[in-house]
Every structure is written in C-alpha cells, then in structure tokens.
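See below for the structure under consideration.
The values are calculated or read from the model by the stated rules, or taken from the named source; none is laboratory data. Worth saying up front: this structure is predicted, and the values here are computed from it rather than measured. Here the Cβ is made from the backbone with ideal geometry for all residues, glycine too, and neighbour counts use every protein chain on show.
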Amino acid sequence: MALSSFILVIAAFCLVLLSFGVQAHTYLSNLSINGTRLPFGRCIRPLSASRRTFPVQDLSSPDLRCRTTDMSPSATDTCGILAGSTITVEWHHQGDQGEVISASHKGPCLVYMAPLESNGEGNVWFKIFEDGYDATNKQWCVDKLIKNGGKLGVVIPRDIRAGGYLLRTEIMALHNARDVGGMQDYANCAQLQVAGNGKKTPRGVAIPGVYKADDPGILINIYKKMEKYAIPGPPVLYKGE
C-alpha cells in the first residue's frame, strides 16, 4: 500500500473513533422548582460516573426504571414541591451545563410518577407528560430540549394525593431504532415530597413491562417521512388540571 493511501486509511479510522468519542449521551443533572435551580444532582437518584450516560436498551431490565441499580430511597434527598407547581427537569451530557444530547438522538420525552414507597416496583407508574414529534415543523421533543438548554417544564398534577413520589424522566433516542433493540433509553428518577389537599391516586403500569421491542414508537425508521408518531407507553392518564 502506498504511503499516501495508508495515511488516508488511518485518518478515516481516526475520524470514526472521534465520532464515537464525542457522541453525546445524556442524563438528568438538575431540577428547578418554581424557577429555583437546585445544585447539581440534588434529589436525583445517583448514577456512577463510569456509566452515567449509558443508555438502557434491554426493555426487560430493572434499570429501565431509573437507569441505576441503586434504588435505595436513602441514596439522595427528597425535595418538597406543592401539587400544581412546575418542576423543570434538565438534561446534560456532562456536568450541569454545556451539550445536552447529540442532535442525531431524536426522539420523544416522557415523564412518569410513582409512589415513593413502591420504589418503582409493580403497576405503579403513571404518565404525567409526553411530547413526541410535530410533523408540521418536523421537530422532535429532543430538538426542543436542545434549543432550551436541556430544560423541560412539567406540572405536578394539582389533585394528586400528598406524599412521597418518584419522578421518572425519560428520553428515547430513535436514531438506531429501525433495528430491534436499537432504541436507546435515557431514564432517571428524582425524589419528591408533594404537598397539597389532593386525594387522587392514579392507576399505573409496570416498568419494565410497559414497553415492547416491536411497539410502533420503539421499532421505527425515523428517516422515512412521517405524518404522526405513536408515543410509547400509556396515555397521559392524569394531568390534574
């Protein structure tokens, strides 16, 4: 092989390695309650630094709940919030600023809640927010999230029963979802103590269990023209508005 050809091959190989190295995965880094931003990681179930940005792709794994094998409520603080208030969840690739997620990782954003005492086990998760794909402007929730610096505001249901809850935030990256098992799931949980006079306790679903590998919103080629997108999981069962 000529030296010039060898140099070109090495350069191409380095570019491939570089593309993998800069691939921006993401995780829940911060919460803001009624506009007050909390310190990095406060009230968020912690992830080890070595696997913080790793996605879950096995839909039967318990890691799908909060992307951590440490599901101890004592692992973090519990933040107080009034029912009906807005909590802003914030994702980043590293630390609590800078890149949010790679622009190629297009997909929906979903938010669930479950009673804290359940620790996420059983049919306890109910969806309070979802945002998928807008065919009019061809924008995914991830596109909006990037434009907004990783921040997404969600209203805690107004009529929900007071008590402790897990808040499960989730991004589904669909750039490789045309193959079974290609969807990358980025879910993290925060711990909240919700105050208020509400009495409602919505019925929930199990995670893992709610998603199937061949669900139309999980096994999908996003590079084909789409008129609509079926957001995975149950509908938003309870908004409390």
Problem set entry | Number of the exception - G149 against (1) within 17 Å of the chain's Cα centre (by Cα); (2) in contact (Cβ under 8 Å) with a residue 60 or more places away in the chain | (2)
For this session: Could you tell me which residue of segment 132-182 is farthest from S85 (Cα to Cα), considering only residues that are crowded, with 18+ Cβ neighbours inside 10 Å and of a type in the set (D, E, K, R)?
Result: E170
Seminar exercise, completed: Pairing a residue in segment 156-175 that is closer than 13 Å to T201 by Cβ and of a type in the set (S, T, Y) with any residue that is at pLDDT 95 or above and assigned to a strand (DSSP E or B), where Cβ atoms lie under 7 Å and the two sit 6 or more apart in sequence or on different chains, gives Y165/M113; Y165/A114; Y165/P115; Y165/L192; Y165/V194
For this session: Mind counting the residues in segment 197-231 that are surrounded by fewer than 13 Cβ atoms within 10 Å (Cβ to Cβ) and of a type in the set (D, E)?
Result: 2
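Conditions (1) touching a residue at least 12 places away in the same chain (Cβ under 8 Å); (2) charged (D, E, K, R); (3) more than 29 Å from V180 (Cα to Cα), marked per residue:
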residue: P39; (1), (2), (3): no, no, yes
residue: A49; (1), (2), (3): no, no, no
residue: P55; (1), (2), (3): yes, no, no
residue: T69; (1), (2), (3): no, no, no
residue: G80; (1), (2), (3): yes, no, yes
residue: T86; (1), (2), (3): yes, no, yes
residue: W91; (1), (2), (3): yes, no, no
residue: V100; (1), (2), (3): yes, no, no
residue: Y112; (1), (2), (3): yes, no, no
